[in-house]
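A short worksheet on the structure shown next.
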There are 2 protein chains.
Amino acid sequence: MNAKEISPAVIKRLPRYYRYLGELLENEVVRISSKELSERMQVTASQIRQDLNNFGGFGQQGYGYNVQYLYTEIGKILGVNQTNNIIIIGAGNLGQALANYQDFEKRGFAIKAIFDVNPRLIGLTVRGVEIMDIETVGKFVKENDIRIAALTLPKQKAQKAAQELVDLGIKAFWNFASVDLHLPEDIVVENVHLSESLMTLSYRINSMNQQ
Amino acid sequence: MNAKEISPAVIKRLPRYYRYLGELLENEVVRISSKELSERMQVTASQIRQDLNNFGGFGQQGYGYNVQYLYTEIGKILGVNQTNNIIIIGAGNLGQALANYQDFEKRGFAIKAIFDVNPRLIGLTVRGVEIMDIETVGKFVKENDIRIAALTLPKQKAQKAAQELVDLGIKAFWNFASVDLHLPEDIVVENVHLSESLMTLSYRINSMNQQ
C-alpha cells in the first residue's frame, strides 16, 4: 500500500487511531466493532468506517476490525515500523525529558546521542544515551547515519543551529523551540509550540470565565 | 471587545500573531506593514489584513500596524493579561521542564506548586517552586485558588488523577499524558500529544523517502 493513496485528512487522524489500537492490543483485544471504537474515541462510527475502509481486510460485516492487522497497516503508513536514528540538541530538562520518553522506540526512533554546550552535562548519560559536546555533532551525524534532530534549544539559538545541522546533512527536525524555522523546502519540520498551546489554554479558560 | 465577536478560525491563528508581535516588541519595532509581517510569518498580506481588521485602530492606510497596540489587544482576547494560578502534577523531567519554562509567566500563568508521589523529590524546589506530596493537593487547591493543572503523568495514571482533581475543583488541564481524558463537558482540556506529533514526523520522513 502506498501512503499517497490515502487522503491528507485521513493521514492527520491516523496517529490517534494508531494510539487507540495500540491500547486495545495492550489490553489483549483481538477484534473491535466500529461502534465500540467510536464510543472509546468519541468519533462517529461512520467516520471510523470511512477512514478505516482505506485499509481494507476487515472480515465479515458485523464481525468487527482485526485490531492487530489494522495496527500493523497503519504503522506501515506512518513509517513507525522502520527505525530512524535521531539526536537531541539541547540537554536541558526538556531534552532529558525527551531522552526518557519511551514512546520514541515504540514509534521507530532510536536516540543516538544528546548534544549540548554545557561542560557540566557533557559525558553524562540519560537512560543510556550519552550527552556529547555540540562541537562533535558534525562528525557524529556523518558516522552514525543521522538525519533527524529534536531541537530543545532557546528560541534565540534555534534558527542558527538548525541551519548548521541542515548543512551537516540533517533532513528533519522535531522542533520544540518557540520559533518558526526558515529552512529549505525539502527539510521536514514538525513543531511542538508549547507557548501557543499555553495561549490556547489561556483563551479557553478566559472564554469559560465569561460564560 | 468581546472574544465572542472573533471567529474561531481567527482565534486559532492569534497565538502565532501574538508570538510574532512579541518578537517585534523585543526588537523595538514600533510599526510594521502587513507586507513586512506577511514576509516574516509566511502568510499572505491579505490574510493578515483580514485577521487583524478584527482589532481595528491601525492608523492611516500605508502607515502600518501599531505593534504594541495590537499585541495588547490580542493579549486581552487570549486572556494572557490576567494571572491564572496553575499547579503541575508529576515532577519528572517533563514536569520540571515545564516548571523551568519561562513562557508560563509571560502567558499569564503563575506556577504555585508541583506535586508528586516520589518521596525523594518532595521538598525539592524547581526555580523556586516547591515539589509537594500529592496527598496534600486537595488542601492546596482549596487554599490557593487553583483551577488549572498541567498533567505530566504516565498515561495509565492520568485519567484517575484528572477525575480526582476535577472533584477537588480543578476546571482546566494542560494534558501531556498520551491519553484522551474523559471528563465533564465544562472542563477545559488542552492536549499536547507528543506521541502523535512524533508519528506525524515519522509519516512525513517516510513520505519524503518515497519521493
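Among the criteria (1) within 13 Å of another protein chain (Cβ to nearest Cβ); (2) within 30 Å of B:PHE115 (Cα to Cα); (3) modelled with pLDDT of 90 or more, the one B:GLU23 does not fulfil is (2).
In the set A:LEU121, A:LEU183, A:LEU153, A:LEU201, only one residue is out of contact with any His (no Cβ under 8 Å at 6 or more places or on another chain) and assigned to a helix (DSSP H, G or I); that residue is A:LEU201. Taking A:ARG40, is it out of contact with any Ser or Thr (no Cβ under 6 Å at 6 or more places or on another chain) and either within 18 Å of A:TYR69 (Cα to Cα) or touching a residue at least 24 places away in the same chain (Cβ under 8 Å) (or both)? Considered against the rule, which asks whether it is out of contact with any Ser or Thr (no Cβ under 6 Å at 6 or more places or on another chain) and either within 18 Å of A:TYR69 (Cα to Cα) or touching a residue at least 24 places away in the same chain (Cβ under 8 Å) (or both), A:ARG40 comes out as no. Scoring B:ALA172 on the criteria (1) in contact with a Leu (Cβ under 7 Å, 6 or more places away or on another chain); (2) farther than 30 Å from A:PRO15 by Cα leaves a single failure, condition (2).
Yes or no: B:ILE77 in a strand (DSSP E or B) and either over 20 Å from B:SER178 (Cβ atoms) or touching an Asp or Glu at 6+ places or on another chain (Cβ under 9 Å) (or both)? Explain how you work it out, then say what you get.
Details: in a strand (DSSP E or B): no; either over 20 Å from B:SER178 (Cβ atoms) or touching an Asp or Glu at 6+ places or on another chain (Cβ under 9 Å) (or both): yes.
It is false that B:ILE77 is in a strand (DSSP E or B) and either over 20 Å from B:SER178 (Cβ atoms) or touching an Asp or Glu at 6+ places or on another chain (Cβ under 9 Å) (or both).
State whether the residues of the stretch B:104-114 include one that is part of a helix (DSSP H, G or I), under 15 Å from the mean Cα position of the chain (by Cα), within 30 Å of A:LYS12 (Cα to Cα) and at the interface with chain A (Cβ under 8 Å from one of its Cβ atoms). So far as the stretch B:104-114 goes, yes, one or more of its residues are part of a helix (DSSP H, G or I), under 15 Å from the mean Cα position of the chain (by Cα), within 30 Å of A:LYS12 (Cα to Cα) and at the interface with chain A (Cβ under 8 Å from one of its Cβ atoms). Just so you know, in the stretch B:67-98 the residues that are more than 7 Å from chain A (Cβ to nearest Cβ) and free of Cβ contacts under 8 Å to residues at least 24 places away in the same chain include one that is surrounded by the most Cβ atoms within 10 Å (Cβ to Cβ), and it is B:TYR69. When we screen A:LYS171, A:LYS155, A:LYS139 for residues that are without any contact (Cβ under 8 Å) to a residue 24 or more places away in the chain and either surrounded by fewer than 17 Cβ atoms within 10 Å (Cβ to Cβ) or not aromatic (Phe, Trp, Tyr) (or both), the only hit is A:LYS139.
Checked against the criterion of being within 25 Å of B:SER178 (Cβ to Cβ), among the aliphatic types (A, V, I, L, M) and within 20 Å of the chain's Cα centre (by Cα), the candidates A:ALA149, A:ALA162 yield just one match: A:ALA149. Filtered by the rule that a residue be of a type in the set (S, T, N, Q), surrounded by fewer than 19 Cβ atoms within 10 Å (Cβ to Cβ) and over 24 Å from B:ARG204 (Cβ atoms), the stretch A:7-34 gives A:ASN27, A:SER33.
The residues of the stretch B:170-180 that are more than 9 Å from chain A (Cβ to nearest Cβ) and outside any strand (DSSP E or B), listed by number, are B:ILE170, B:PHE176, B:ALA177. Of B:ARG147, B:ARG204, all but one fail to be surrounded by fewer than 21 Cβ atoms within 10 Å (Cβ to Cβ), of a type outside the set (Asp, Glu) and either over 30 Å from A:ALA172 (Cβ atoms) or away from chain A (no Cβ under 12 Å) (or both); the exception is B:ARG147. The set of residues in the stretch B:99-116 being surrounded by fewer than 20 Cβ atoms within 10 Å (Cβ to Cβ) and either modelled with pLDDT of 90 or more or under 13 Å from B:VAL126 (Cα atoms) (or both) consists of B:ASN100, B:GLN102, B:ALA110, B:LYS112. Considered as a group, the residues in the stretch A:181-190 that are at the interface with chain B (Cβ under 8 Å from one of its Cβ atoms) and crowded, with 17+ Cβ neighbours inside 10 Å include one that is farthest from the chain's Cα centre (by Cα), and that residue is A:VAL188. Checked against (1) part of a helix (DSSP H, G or I); (2) within 12 Å of chain B (Cβ to nearest Cβ), A:VAL166 passes all but a single condition, namely (2).
The values are calculated or read from the model by the stated rules, or taken from the named source; none is laboratory data. What you see is a predicted model, and the numbers here were worked out from it, not measured in a lab. Positions of Cβ are backbone-derived with ideal geometry, glycine not excepted, and every protein chain shown enters the neighbour counts.
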